[in-house]
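**Student:** Below you will find the structure I want to go over with you.
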Amino acid sequence: MTRSLPAALMERIAAEAAAWVNPEDRTLTPAELQAVADEWQPDVMLVMAMDRIDADCIAALPASVRAIATLSVGHDHIDLPAARDRGIAVIHTPDILSDAVSEIAIMLMLCAARRAQEGERMIYGQTWKGWSPTQLLGRDVTGARLGVLGMGRIGRTIARRARAAFDMEVHYHNRSRLERGLEDGATYHDSAEGLLAVSDFLMLAAPSTPATKGFLNADRIAQLAQGAIVVNIARGDLVDDDALIAGLRSGHVAAAGLDVFNREPDIHPGYRELSNVFLQPHQGSSTIGTRVRMGEMLLDSIKFHLEGRDLPNRLV
């Protein structure tokens, strides 16, 4: 286990398995991970989204490894073809995160639109002089157009809540159009450019793939309407940081709410210099209930896989 989990899960693990658990709350280096695998000869590796399980790592794993279980929905940190070639199952945690991540998405959207960071700085910096009719005027969320890039389970949950709570007009772009019954009133755009043109708020909810990396670059930011707001709850590498920071500085992008970043935790220092960006430290699934349910799914799946059962949440 590359990180410790909540206490209830650790108690179950202690009762059911012999486990090596990373004693430090940090990501292991590739050399450290390899050394532990060589020493322990594990049946299963339970890893996090921050662990890079690339082809070289998988090729060097001992023959004992039968499964890699990741405490995440995303799996871009694991080389799936390399795992398949080694006959190693890869297990993830779909469905469970949708509610928690959509809550963070709505929070980021509201805090960016209503200039929450600036207000908080005034309060904690003791610079607030009292109410004013022109103080911290933000953007209307109710009735605005929400563009969702990636209408998977999380994207659809965000869209449903935005529409129900704020009567937002939802637009989306996917690799392919959803079945009509899943659209729930959202308007499909067959190109990303079509989506950008109608997005007062752009919600990035797509997985990291070769096609989506660097999606939000300078050209696409220029296609957003003046004063659009960007929210990213997907993966940091969907955004060209320099381009977004330039857009925020110029005012073409009015604000941004970001929960994920390139090269976490070493985020681009330019973000910290801006007042019109609301930042969170990759908190999308960070609720007690969600994290425990994710762990329980993985532990059940590990047990079932070792017993030879089929798994709906097996990637390879």
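**Student:** With axes computed from alpha carbons, what is the tilt in degrees of helix 98-113 against the longest principal axis of the chain, rounded to the nearest 10 within 0 to 90?
**Tutor:** 30
**Student:** Identify, among Leu136, Ile123, Thr29, the residue whose Cα sits farthest towards the positive end of the charge dipole of the stretch 21-170, taking +1 on the Cβ of Lys and Arg and -1 on the Cβ of Asp and Glu, with the dipole about the Cα centre.
**Tutor:** Of the options given, the answer is Leu136.
**Student:** Can you work out the base-10 log of I(q)/I(0) for the stretch 170-214 at q = 0.22, 0.29 1/Å, using the Debye formula on its C-alpha atoms alone?
**Tutor:** -0.83, -1.23
**Student:** Another question, then. Going by average Cβ density within 10 Å per residue, which order do the peptides 204-210, 62-68 take, highest to lowest?
**Tutor:** 204-210, 62-68
**Student:** Rounded to the nearest 20 Debye, what is the dipole magnitude of the chain about its Cα centre when Lys and Arg each give +1 and Asp and Glu each give -1 at the C-beta?
**Tutor:** 780
**Student:** Next up: Over 5 Å intervals from 0, what percent of Cα-Cα pairs in the stretch 184-316 sits in each interval?
**Tutor:** 2, 9, 16, 18, 15, 12, 10, 8, 5, 3, 1, 0
**Student:** Now, a different point. What distance in nm separates the two pseudo spin-label positions at Thr187 and Gln283, each 7 Å out from Cα along the beta-carbon direction?
**Tutor:** For Thr187 paired with Gln283, the spin-label model returns 3.3 nm.
**Student:** Using alpha carbons only, how many angstrom separate the centre of the stretch 271-294 from the centre of the stretch 11-90?
**Tutor:** Taking the Cα centre of the stretch 11-90 as reference, the centre of the stretch 271-294 is 24 Å away.
**Student:** Next question. Taking all pairs of different Cα atoms in the stretch 104-234, averaging 1/r and flipping that mean, what Kirkwood radius in angstroms comes out?
**Tutor:** That comes to 15.7 Å for the stretch 104-234.
**Student:** Val253's amide H: which non-local residues (gap 5+, or another chain) put their own amide H closer than 5 Å, with H modeled 1.01 Å from N in plane and none for Pro or chain starts?
**Tutor:** Gly227, Leu248
**Student:** By how many degrees, between 0 and 90 and to the nearest 10, does the Cα long axis of helix 241-250 differ from the longest principal axis of the chain?
**Tutor:** So the inclination is approximately 20 degrees.
**Student:** Determine ³J(HN,Hα), in whole Hz, for all residues of the stretch 139-154 in sequence, where each value follows from phi through the Karplus function 6.51 cos²θ - 1.76 cosθ + 1.60 and θ = phi - 60°; x replaces Gly and Pro.
**Tutor:** 9, 5, 9, 4, x, 6, 8, 9, x, 10, 8, x, 9, x, 4, 5
**Student:** So what is the calculated 222 nm ellipticity per residue for the chain, using -39500 (n - 2.57) for each DSSP H run with n of 4 or more, over all residues, to the nearest 500 deg cm²/dmol?
**Tutor:** Helix-only estimate at 222 nm: -11000 deg cm²/dmol.
**Student:** Related question: Would you work out if the stretch 41-194 is rounded, prolate or oblate? Take a ≥ b ≥ c from the square roots of the eigenvalues of the alpha-carbon gyration tensor; rounded if a/c is under 1.5, else prolate when a/b is larger than b/c, oblate otherwise.
**Tutor:** Note, shape of the stretch 41-194 comes out oblate.
**Student:** Express the C-alpha Rg of the stretch 1-84 as a ratio against the empirical globular expectation 2.2 N^0.38 Å, rounded to two decimals.
**Tutor:** The reported ratio for this selection is 1.04.
**Student:** Quick one: Karplus J couplings for the stretch 174-189, per residue in order, coefficients 6.51, -1.76, 1.60, θ = phi - 60°, nearest Hz, x for Gly and Pro?
**Tutor:** Values per residue, Gly and Pro as x: 10, 4, 9, 5, 5, 4, 4, x, 8, 5, 6, x, 6, 9, 8, 10 Hz.
**Student:** Hey, another quick one. Regarding the chain, what are the three Cα extents along the principal axes, ordered largest first, in Å?
**Tutor:** For the chain, the Cα spread along each principal axis is 65, 49, 33 Å.
**Student:** Ranking request for peptides 147-153, 70-76: highest mean number of other beta-carbon atoms within 10 Å first, then the rest in descending order.
**Tutor:** 147-153, 70-76
No value in this document is a laboratory result; all are computed from the given coordinates. Treat the numbers as computed from the prediction; the structure is a model and nothing was measured. Cβ atoms come from the backbone with ideal geometry, glycine included; neighbour counts cover every protein chain shown.
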